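**Student:** One structure coming up, written as structure tokens, with questions to follow.
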Amino acid sequence: MQQRRTGTGQVRITVNGRSYKIGCDAGEEDRIVELGQYLDGRVAELAARVGQVGDERLLLMTALVLADDLAEAVADLEAVRQTPAQSGSSQPGSSQPGSSQPDQERTTGATPHDGAGGEAGQAKVQEAAAAESERVNALASRVEGIAARLASA
């Protein structure tokens with residue numbers, strides 16, 4: 001492992017055609033590059049919809065879209081975690097109801113009479129994903145409207 005005098009690493013990422021030097025902890029360089037590439041892709045998607053409205057506005061709008069995506073994903077994850085906990089609370093062997101390990105055991109260790117519950121759980125996940133997609137599309141439309149108003153200001 002390469003040690004640097006300050007204990008931090010630095011990487012260069014490119015977002016919307018501009019290069020940025022980013023400091024990070026040693027060993028996190030690859031992850032920061034991956035995140036930069038993801039961010040650049042999301043900025044490019046938004047720029048394709050609303051045009052180049054300036055780096056600052058474009059990055060802010062992308063940050064808002066990502067924040068909304070994260071909030072929705074957290075809410076969906078919480079809903080999915082609560083669903084198996086409710087149906088599996090009387091199952092033997094589910095000793096830690098809040099952790100991901102018991103959820104995985106409940107999913108993979110289902111008995112034949114649990115089949116309908118598994119299908120219902122999967123249907124809920126699919127419904128949540130469809131609802132999330134609709135929310136993201138609605139947010140994108142709102143962001144486009146805001147961008148249009150900002151561009152004309």
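No lab work stands behind these numbers, since they all come straight from the coordinates. Keep in mind that what you see is a predicted model, and the values were worked out from it rather than measured. All Cβ positions, even for glycine, are placed from backbone atoms using ideal geometry, and neighbour counts span all protein chains on display.
**Student:** Which residue out of Ala79, Ala48 is over 27 Å from Val125 (Cβ atoms) and surrounded by fewer than 16 Cβ atoms within 10 Å (Cβ to Cβ)?
**Tutor:** Among Ala79, Ala48, only Ala48 is over 27 Å from Val125 (Cβ atoms) and surrounded by fewer than 16 Cβ atoms within 10 Å (Cβ to Cβ).
**Student:** Could you list, in sequence order, the residues of the stretch 24-53 that are under 23 Å from Val136 (Cβ atoms), without any contact (Cβ under 8 Å) to a residue 60 or more places away in the chain and either in contact with a Lys or Arg (Cβ under 7 Å, 6 or more places away or on another chain) or in a loop (DSSP other than H, G, I, E, B) (or both)? Reasoning before the result, please.
**Tutor:** Initially, the stretch 24-53 is screened for residues under 23 Å from Val136 (Cβ atoms), giving 34-53.
Within this subset, residues satisfying the condition of being without any contact (Cβ under 8 Å) to a residue 60 or more places away in the chain are 34-45, 47-48, 52.
Result: Gln52, single match.
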